[in-house]
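Encoded as structure tokens, the structure appears first; notes follow it.
The values are calculated or read from the model by the stated rules, or taken from the named source; none is laboratory data. Keep in mind the model is a prediction, meaning the values are calculated, not measured. Cβ atoms come from the backbone with ideal geometry, glycine included; neighbour counts cover every protein chain shown. Surface accessibility is based on the protein's heavy atoms, side chains included, excluding ligands, DNA and RNA. Shrake-Rupley method; radii C 1.70, N 1.55, O 1.52, S 1.80 Å.
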Amino acid sequence: MASESRDNRAPDEPYVTEFEAAVRSVDGTDVRLEETYFYAEGGGQPADRGTLNGIDVVDVQMRDGETVHTLATAPDFETGDDVSGSIDEEFRTYCMRAHTASHALYGAGRELFDDHGYGGFDIDAEKGRIDFETNRDPDEVNALTLQRMVNEVVWESRDVSWREMDAAQARDRDEIVFNETGAAETTDTVRIVEIDDWDIAACGGTHVENTVEIGPVKVLEVSNPGSGLVRVEYAVGPTAVRAQLDETRAATRAARTLETSVEELPERATAVVEENATLEAEVDTLRDRLLEERLESLGDDTVSKDGEEWIVGELDIDGIGPNDVSERVRALAGDIGDVVALTGVNGSAFVVVGTTGETDASELVDDVTATFGGGGGGGPTFAQGGGLEDDPAAVVDYLRTEA
């Protein structure tokens, strides 16, 4: 809810985009008018864009109850002069549509959430967002249901009206939403915006007079910005149309790739996911079998060093990393050899070492990483390292002959 001002007519006459007004004061690039139709930033709605006597208005803010227009350059007009104001009609219309759409969305929230409150609102150049205070999980909120309900309100051409109301009386009515904490406590009256038989709220923004003027609404995302909040991001007008077209194009391309129709895409996608899960399970089984066979053949990789039997081998199996063999290496140390050292590639080369304790596993890994780069750690009987800067064959040769 934007701060009210005696000099600002934008909320009550949002369709006015050209006007004449007398200058109240000029302070550098800051200009105050006796009356203005430029909306001052507030309540989640951005300031209007436009010009005063042809000079760009770069910001509009409410200060001490007065509307201050900040110009791009210092003006050549003075206090008492009459100036022409021109508001960017396209951006004003967009903000009117987006702001009214937020009320339509809140009305949908009234229908969907038993426990709900106002948690915040914002409009930027591409989209809007409204936050609901609710204990509902965002994953339980269907974006398409919200989108359907809001667009039905648009199609139904419901009247949108605004009026001043006694603040205390407004506070006594549970159905009226207050978009700013404390708004009714600091003013005698509040401005009430109502979508006929759908939503009613205290709000100082600019709105359209009928929901049909909102145009198409696209719910972009439902998320959780914080505890006890559900955030709904949405687009209106051309942005909503573009978002819908992009979604349709993506679905069409996906359907073409999967050799099906858009209508049958969900079923086909589900089938592909199930097929992939089956194939991945088969691959995992084959990978485990290959690993077991490789581990069983490690006896062929034995070397004698300082009275100990060292098993040094390379795991040439895609998708096998150090964590996949760590428990096996621990078990094999002392079973098939005093030292078991395996290398492989999982993104980068790695080494896993298990020992009986006579040879310190962590010192051996430190030796390997000092030679080949990377890093690692562990204890006397088990350690591992990764990020080695050479291929496993070089690491195997080093462990056999140099370590």
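In table form, for the structure just shown:
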read-out	value
Conditions (1) part of a strand (DSSP E or B); (2) touching a residue at least 40 places away in the same chain (Cβ under 8 Å); (3) surrounded by fewer than 17 Cβ atoms within 10 Å (Cβ to Cβ); (4) not hydrophobic (A, V, I, L, M, F, W, C); number of the one not met by Gly344	(3)
The lone exception for Tyr15 - which of (1) open to solvent by 20 Å² or more (accessible area, probe 1.4 Å); (2) among the aromatic types (Phe, Trp, Tyr); (3) assigned to a helix (DSSP H, G or I) it fails	(3)
Test: Asp139 is free of Cβ contacts under 8 Å to residues at least 12 places away in the same chain and either polar (S, T, N, Q) or assigned to a loop (DSSP other than H, G, I, E, B) (or both)	no
Every residue from region 222-266 that is open to solvent by 30 Å² or more (accessible area, probe 1.4 Å), part of a loop (DSSP other than H, G, I, E, B) and over 30 Å from Val212 (Cβ atoms)	Asn224, Pro225, Ser227, Gly228, Leu258, Glu259, Thr260, Ser261, Glu264
Hits in region 128-181 (condition: open to solvent by 40 Å² or more (accessible area, probe 1.4 Å), closer than 20 Å to Gly228 by Cβ and not charged (D, E, K, R))	Asn135, Asn142, Thr181
Extreme residue, least open to solvent (accessible area, probe 1.4 Å), among residues of region 22-36 that are among the acidic types (Asp, Glu) and part of a strand (DSSP E or B)	Asp30
Test for Asp174: is it free of Cβ contacts under 8 Å to residues at least 60 places away in the same chain, more than 20 Å from Asp122 (Cβ to Cβ) and assigned to a loop (DSSP other than H, G, I, E, B)	yes
Long-range neighbours under 6 Å by Cβ, at least six apart or interchain, first residue touching a residue at least 12 places away in the same chain (Cβ under 8 Å) within region 380-403, second surrounded by 14 or more Cβ atoms within 10 Å (Cβ to Cβ) and among the polar types (S, T, N, Q)	Thr381/Thr355; Ala383/Ser362; Gly385/Thr369; Pro392/Thr343; Val395/Thr343; Val396/Thr343
Members of region 347-382 that are assigned to a strand (DSSP E or B) and among the aromatic types (Phe, Trp, Tyr)	Phe350, Phe382
